[in-house]
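What follows is a single structure, and I will ask about it in a moment.
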Amino acid sequence: MKKLLACLLLAACAFGAAAQDNYPAKPIRLIVPFAPGQVTDWLARMVGEQMATELGQPVIVENRAGSNGIVGNAYAARQPADGYTLVITSNGTHAAAPHITKTLGYEPVDDFAHFSGLMSLPWTLMVRSDFPAQNLDEFIKYVKANPGKLSTGYGSVSSRLCMHLLRTTSPTSCSRSSRASWPTRRTRRRSRPMAAR
């Protein structure tokens, strides 16, 4: 992780130095296109803190959640290209969204200068511990033997595409159900008036 942060900081410094000699001369905004409390938010705050220490300027983490990251990325794309607004992107916002969303409000390749990878996460398929299948082969066999009886849930574009890939590569029949991420659901629940609870 330290090596990854060092690479990010080096890239940020090089990007800024190329733009102007006294970079950074003011605070840097780091846009997180997802809700507070998610992994991306945690990562941005950790990276932002390290960047602020190394660069000597505050790094302000700004959450602009909505539409699986599209809102925050569209906002970031409209900001001046001066190195003072950075955004943490994902495969969902830049690889998947253009294929499943009619209007993004940004061009994933042309509107951004990608300069560093921060992390990668594995995808896992989970079932209840008492579910009859305990590995992927058993799961596929079970789903094929019980068409339409199972449903899948996902909270992001990326996990939606993973399930679509599973259905495509080994034709299975599961109903789909999109779900907000846990931090988003919790925020929505807490923001409702007490009488509505």
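Here, each number is a calculation from the coordinates, and none is a lab measurement. These figures come from a predicted structure and were not determined experimentally. Cβ sites come from the backbone with ideal geometry, for glycine too, and all protein chains shown count toward neighbours.
Quick one: Karplus J couplings for region 22-34, per residue in order, coefficients 6.51, -1.76, 1.60, θ = phi - 60°, nearest Hz, x for Gly and Pro?
Calculated HN-Hα couplings, in order: 9, 5, x, 9, 8, x, 9, 9, 10, 7, 10, x, 9 Hz.
At a 10 angstrom cut-off on C-beta neighbours, averaged per residue, how do the peptides 97-104, 39-46, 63-70, 126-133 rank from highest to lowest?
Per-residue mean Cβ counts within 10 Å order the peptides as 63-70, 39-46, 97-104, 126-133.
Considering amide H positions built from the backbone, and no H for Pro or chain starts, which residues 5 or more places from VAL61, or on another chain, come under 5 Å of its amide H?
LEU30
Please give the contour-minus-distance gain from GLU54 to ASP21: 0.36 nm per residue of separation, less the Cα-Cα distance, rounded to one decimal in nm.
10.3 nm
Quick one: Karplus J couplings for region 63-75, per residue in order, coefficients 6.51, -1.76, 1.60, θ = phi - 60°, nearest Hz, x for Gly and Pro?
Calculated HN-Hα couplings, in order: 7, 10, 7, x, 6, 6, x, 5, 4, x, 6, 5, 4 Hz.
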